[in-house]
Amino acid sequence: MSGETLEAAGILDILRLLPHRYPFVMVDRIVDMDGAERAVGIKNITINEPQFLGHFPENPVMPGVLLIEGMAQTAAVLALRLMTSATGRRTMYLLTIDKAKFRKPAVPGDTVEYHVNKIAQRRQMWWYRAEAKVAGVLIAEAEVGAVVTEA
């Protein structure tokens, strides 16, 4: 299946592949999928998300760690979508976060694009370079590593 271009994954595909559920699903859909190599995850930030009750009520800002989580979830869907398992569901666990930088805040009303590109894969470990963008402007970046296990 490597090299096959996949166009998109909707929320039902994401929920089928990831163990996360509300309020920890940090990606709404994924577009521009190219095998396990690259994709763009989309997150529409809304004021009714629970993190804004305390971060920060008078000036709501999407927590940076949740931006990193959105990057990792986008990469996980990209990799897990291409795997089949005779014994059942597979799960990806975050192992590393490197070179993380936060440049601008994301706020309710923003649409965040998580651009992920595979750096490497060894056995069941995967590494992706990720950038979060709003309206084409880079707001955060990181390299994330994860391991795939049988769930």
Q) In degrees, nearest 10, range 0 to 90: what is the angle between the Cα axis of helix 64-80 and the longest Cα principal axis of the chain? A) 20 degrees
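If you rank Arg89, Arg103 by how much accessible surface each has, with a 1.4 Å probe, what is the order from largest down?
Arg103, Arg89
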Q) Taking 1 over the mean of 1/r across every pair of different Cα atoms in segment 32-113, what Kirkwood radius in Å do you get? A) 14.6 Å
Q: Pop the C-beta distance of Met83 and Asp28 into the FRET formula with R0 = 22 Å and round what comes out to the nearest 0.05.
A: 0.50
Q: Give, in nm to one decimal, the length gained when the segment between Tyr93 and Arg16 is fully stretched (0.36 nm per residue of separation minus the Cα-Cα distance).
A: 26.1 nm
Q. For the pair Arg103 and Glu7, how long in nm is the line joining their label points, each one 7 Å along Cα→Cβ?
A. 3.1 nm
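If we count every other residue with Cβ under 12 angstrom of Gln124's Cβ, Lys/Arg +1 and Asp/Glu -1, where does the sum land? Before the final figure, lay out each step's value.
Values: positive: Arg90, Arg122, Arg123; negative: Glu150.
Value of the local net charge: +2.
Tell me the net charge near Pro60. Cut-off is 15 Å between Cβ atoms, Pro60 excluded, with +1 for each Lys or Arg and -1 for each Asp or Glu. Mind dumping the intermediate values first?
On the way: positive: Lys43, Lys104; negative: Glu49, Glu58, Asp110.
Once all neighbours under 15 Å are counted, the net charge is -1.
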Q) Val25: accessible area at probe 1.4 Å, nearest 10 Å²? A) 20 Å²
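Measuring with a 1.4 Å probe in the full set of protein chains, what accessible area per residue, in whole Å², belongs to the chain?
Details: 8030 Å² over 151 residues.
Value returned for the chain: 53 Å² of accessible area per residue.
How many percent of all Cα-Cα pairs in the chain sit more than 17 Å apart?
On the way: 6668 of 11325 pairs.
Of all Cα-Cα pairs in the chain, 59 percent lie more than 17 Å apart.
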Q. Under a plain spin-label model, where a point goes 7 Å from the Cα along Cα-to-Cβ, how far apart in nm are Thr111 and Met125?
A. 3.7 nm
Q.
Can you compute the modelled spin-label distance between Val147 and Leu53, with each label point 7 Å from Cα toward Cβ, in nm?
A. 3.4 nm
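Just add up the charged neighbours of Ile139: K/R +1, D/E -1, any other residue whose Cβ is under 10 Å from the Cβ of Ile139.
0
The values are calculated or read from the model by the stated rules, or taken from the named source; none is laboratory data. Computed from a predicted model, the values in this text were never measured in an experiment. As a convention, Cβ positions derive from the backbone with ideal geometry for all residues, glycine included, and neighbour counts pool all protein chains shown. Ligands, DNA and RNA are excluded from the accessible area calculation, which covers all protein heavy atoms including side chains. Shrake-Rupley method; radii C 1.70, N 1.55, O 1.52, S 1.80 Å.
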